[in-house]
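Visitor: Following this message is one structure expressed as structure tokens.
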Amino acid sequence: MCRMIVGVFSKDDIRTELPLNLLESLRKAAEHDPFLAKRTKGKKKNHHDGWGYVLITSSSIYEYKSLDPIYTDYKGYKQLINILEHLREKSSSTALLIHARLASPGYSKVINDTHPFHFYTNDNYDAWLIMNGTLTGFFTKYQDGRSDTYGLIKYISGKKFWEIPKEILTIIINNPNIVKLGIAIGVLGVKPSCNNKFIEGYFIYYRRDYKEKTDEYYDYYRLTTDKSIVFMSSTARYYLDEKSLPASTRIEKLAVPSLITFSIDVFNDIIQIDVGTP
């Protein structure tokens, strides 16, 4: 399972240290993951199979992928910091998917299987997806020798944007063995006709051992402020510098299963969130 952050930030919060704080916590989590080391008895300690992000504002879409780990790709990491610093000056509402990959055994380690994955829906959404965890069974027939995330993308491509999250979660709940241990999926989408005025998304979370909850590695957290929402993996939460967070910040562990949907009216800085547990 990889480490990732999904966030939508208001104009006020993009001016704070929150985005850069989250970025640094993910970099540290990828370089040394104490929960991964614990569950593998020290055999694995980092997420070294590449990283990538998509960052969306009202006027621009920034995409980046690298096969280098986030903690050694100094040029790519600095580039993202520079973009975030620029957005702080502009006070621009922003949405971000960022992912540090640890490939499942047997899966390819090529740039095309580095997250985020870009796809289109049949109701004209331009969409991006990142996933943590391993899917088996149902989606394997769509993989074509690629990763499980590719199989998921191939299955959902061409469907309607807001039909996808409920369909995925229904498949998972009805076929629990499809998830090896835990799964987290973050998606952002925009309608080209809206010129990025509206950014929409959802976050899906499920784990098979939720009744025991003995492994922190598969925990996920939701961070909210008055106008922003962020989803983060456990190790990113572990490294988060809470002293620099906005005063209104609240952090809580996600319930199992969870499906949270959100949308942003970027020009008017309005974020709507539907927190639901199916």
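Visitor: If only Cα atoms are counted, what is the Rg of the stretch 74-160, and what is its Dmax, in Å?
Guide: Expressed in Å, the Cα Rg and Dmax of the stretch 74-160 come to 15.7, 47.
Visitor: Multiply the residue separation of HIS86 and TYR142 by 0.36 nm, subtract the distance between their alpha-carbon atoms, and state the gained length in nm to one decimal.
Guide: Residue separation times 0.36 nm, minus the Cα-Cα distance, leaves 16.2 nm.
Visitor: Given a cut-off of 16 Å, what percent of all Cα-Cα pairs of the stretch 1-80 lie beyond it?
Guide: Roughly 57 percent, once rounded to a whole number.
Visitor: Turning to a different aspect of this structure: Please list, short to long, the whole-number percent of alpha-carbon pairs of the stretch 3-276 in consecutive 10 angstrom bins beginning at zero.
Guide: Per 10 Å bin, starting at 0, the Cα pair percentages come out as 7, 31, 40, 20, 2, 0.
Taken together, the values in this text are just the output of simple stated rules run on the coordinates, not laboratory data. The model shown is predicted, which means the values in this text are computed figures rather than measured ones.
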